[in-house]
Amino acid sequence: MSATTETPQNLTFRRYKDGENKVRRLNQKIFQASYSYKCPTYIQSTPPCQGSCPAGEDIRGYLAIVRGTEKPPVGADGKPVMPWQEYAWRRLTEANPFPSVMGRVCPAPCESGCNRNEVEDHVGINSVEHFLGEYAVANNLKFKQPVVEASGKKVAILGGGPAGLSCAYQLVLKGHEVTIFDEHAFLGGMMRYGIPGFRTPRDVLDAEIQRILDLGVKTRMNCHVGKDITLEQIRQEFDAVFLGMGAQAGRALPIADSEAPNVVTATAFLKAFNDGRLQHVGKRVVVVGGGDTSIDVATVARRLGHISHANPTDTEHAIAGRMAHDVAEISAKEGADVTLTSIFNIDKMQANKHEIEQALAEGIHIRGSLVPVGIVRGADGRATALRVMQCEAKMAGGKLEIKNIEGSEQDIEADLIVSAIGQAVDFTGLEAFNNGKGAVSTDRNYVVNGQQGVFAGGDVIRPHLLTTAIGHGSIAADGIHNFLLGRDLEKRPKIDAHQFDLMRKLAEKGIKIETASEPLRGTCDSNVAVHNFDDRSDRYIIPHDKLFLGHFGYTARNKRNVVTLDKESALGNFDDRLGVLGEKDAVSEAKRCMSCGMCFECDNCVVYCPQTAVSRVKKSEATTGRYVKTDYDKCIGCHICADVCPTGYIQMGLGE
């Protein structure tokens, strides 16, 4: 009997591959120092998590606070002025005022970009954000009132969704008077009307919105600008305008007979559910899509179920807003048979992979590589089936290419068909802003083309993530602020994210900085910030191959508890499925952060320097980012400190 040899799993990063037998000795670096001319410089870079975050959160910063590397400032009594949880939350919310909501629903592109993926698995950034958001809600934390003098300028925000609320939040902190106009009864936009409540609990959403209103933001609800009030009236009353209406009109299926009464859009379906009108669906529901919205529709339909003897027109009446399904309260429900179709294979669908897995576990049928080609209608004009055809879909040059496979048509029986293939902007009364493609065109400051004093952000530009809309609102607020003060709009940095501010840390600790004077490069005697410190965060994202990954051992990710439902238990279950990390696990998860591009005080450079040229800064003068210093009279340019720096904060550049 022959033995089977299995390759053991690599549990940690390995500097050498199997079969290598050459040992690279550090002393060779020292021997070469006689002709080396480079000495260490301290370079702050952007970590890829922040570079991947559409909201531009200072992720590395708040993870450093959670892990204990960066401490909250202390008061006159020597004690922290606030708990570390609050300090981390305040750092996070400088960019994103909705950490508890985004900690639940953001697909976390930051985690896909995390350099820790090169070691074993990404840092659970989203779960730590969730933890901090929940801490703030539980402890009723509020944003600090603006400390700047009121500008006397007034800004109108059209739309109270994530983009509009983010813009309002940033503007009111800058001293401007802000009024949000929204056509709904409640603020939140797609966070409230486009995502089911079991993913964004309403008490959490309300708490995070109320914090913004508490800053003094005014609202005019049930007011559609362009219908209830004209744009001309807005322009006369306000000094600037932000368009954040979102794209809350759904796109119908581009096939014949899509106007059948039981063929509806995903946005209409979800709004009816979130408004409380839609309380059951038909027995057979077909959802066309493949993105996160289609998963939301499918899981809602699965939870609502159907009533055997309900009037078949109840569903479309409820979605149209004409009646409520009161009968559902007294009738026994049965599970609906839900099918989701996508033009892509399941592994190529745009929806979050975790949400796809949850949908499959709940008994939702997901069928890939199918394109809708027609609606089968009954004698009463209602759809009885969706006709589909097998296809091959791919993205080529930024364009979608679909090749239908002739002769592969089939019908999927349906009592309700939901189109989740995209969203559209309602430009009623605001047609001047339509670029002809159903969207608004802007520059990098989110100034609407040809419209001075008008800015835009979120889905009106391009339907994307909620986090993207938050980022647009924040950047637009900077542009509006400069416009209102008569300044030239700043050129946005290549990497547009909130960054660690060394000068703020020095001021927090009460460290007085000497007057800066040239030349700064090459000095190790000046107290101007950090000698040879260069903040390149606005233009440089540090890749994994610039780190010393050998410093990091295998450490399993601390995962949130996720309640996975099956076909039976999903029916009528509208509870939050996502658990929050405990404090201990949140701290442990933050410690997995490799602090790419910023010192996290590991002491490697101090320990391994053969000339004792690198040493710690005196405690009275030290702070985050200013932990070590180099004596250039001792430095021989051996490069060892840069080689063993896990984060890439030390780079060899002095002397070039």
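Here, each number is a calculation from the coordinates, and none is a lab measurement. Since we're looking at a predicted model, the values are computed, not measured. Neighbour counts are summed over all protein chains in view; Cβ atoms, including those assigned to glycine, are modelled from backbone coordinates with ideal geometry.
Remarks
- Reported to the nearest whole Å, the Cα centre-to-centre distance from region 68-139 to region 334-385 is 36.
- Above-threshold pairs, the threshold being 21 Å between Cα atoms, out of Lys348/Lys559; Lys174/Lys512; Lys142/Lys584; Lys437/Lys494; Lys353/Lys567; Lys559/Lys584: Lys348/Lys559; Lys174/Lys512; Lys142/Lys584; Lys437/Lys494
- Label positions at Val617 and Glu334, each projected 7 Å from the Cα along the C-beta direction, are separated by 7.1 nm.
- Surface/4 of the Cα convex hull for region 533-617, nm²: 10.2 nm²
- Radius 11 Å from Cβ of Ser595, net charge of other residues (Lys, Arg +1; Asp, Glu -1): +3
- Helix 162-173 and the longest principal axis of the C-alpha atoms of the chain enclose an angle of approximately 50°.
- Ratio of Rg to Rh for region 385-444: 1.13 [Cα atoms; Kirkwood radius as inverse mean 1/r over pairs].
- Taking the charge dipole of the chain about its Cα centre, with +1 at Lys and Arg Cβ atoms and -1 at Asp and Glu Cβ atoms, the residue from Cys167, Ala456, Pro47 reaching farthest to the positive side is Pro47.
- Short to long, the 20 Å bins of the Cα pair-distance histogram for the chain hold 17, 45, 30, 8, 0 percent of all pairs.
- Principal-axis analysis of the Cα atoms of the chain puts helix 125-138 at an angle of about 80° to the longest axis.
- In loop segments of region 95-180 as defined by DSSP, the trypsin sites (Lys or Arg not before Pro) with at most 13 further C-beta atoms inside 10 Å of their C-beta are Lys142, Lys144.
- Alpha-carbon centroids, region 194-210 and region 462-479: separation in whole Å: 19 Å
- Over the chain, DSSP H runs of length four or greater, each weighted -39,500 (n - 2.57), average out per residue to a 222 nm ellipticity of -7500 deg cm²/dmol.
- Inter-probe distance in nm under a simple model that places probes 7 Å from Cα toward Cβ, at Glu490 and Ile513: 1.5 nm
- Placing unit charges on each Cβ (+1 for Lys and Arg, -1 for Asp and Glu) gives the chain a dipole about its Cα centre, and among Asn96, Ile470, Cys596 the Cα reaching farthest toward its positive end belongs to Cys596.
- Residues Ile229, Ile402, sorted so that the one with the fewest Cβ neighbours within 10 Å comes first: Ile402, Ile229
- Likely footprinting exposure, Trp84, Trp89, fewest C-beta neighbours within 10 Å first: Trp84, Trp89
- More than 20 angstrom apart: percent of Cα pairs within region 130-200: 46 percent
- Additional length obtainable on full extension of the chain from Arg539 to Met82, 0.36 nm per residue less Cα span: 161.2 nm
- Look at the dipole of region 372-421 built from charges on Cβ: of Val376, Ser408, Gly398, the Cα furthest out on the positive end belongs to Gly398.
- Magnitude of the charge dipole for the chain, about its Cα centre and with charges confined to Cβ atoms of Lys, Arg (+1) and Asp, Glu (-1), is about 1820 debye.
- Residue-span extension gain [Asp214 to Asp576] - 0.36 nm each, minus C-alpha spacing: 127.6 nm
- Val373/Ala185 FRET efficiency (R0 41 Å; Cβ-Cβ; nearest 0.05): 0.55
- Mean projection area, nm², convex hull over Cα of region 177-238: 4.6 nm²
- Between helix 292-304 and the chain: long-axis angle, C-alpha atoms, 0 to 90°, nearest 10: 50 degrees
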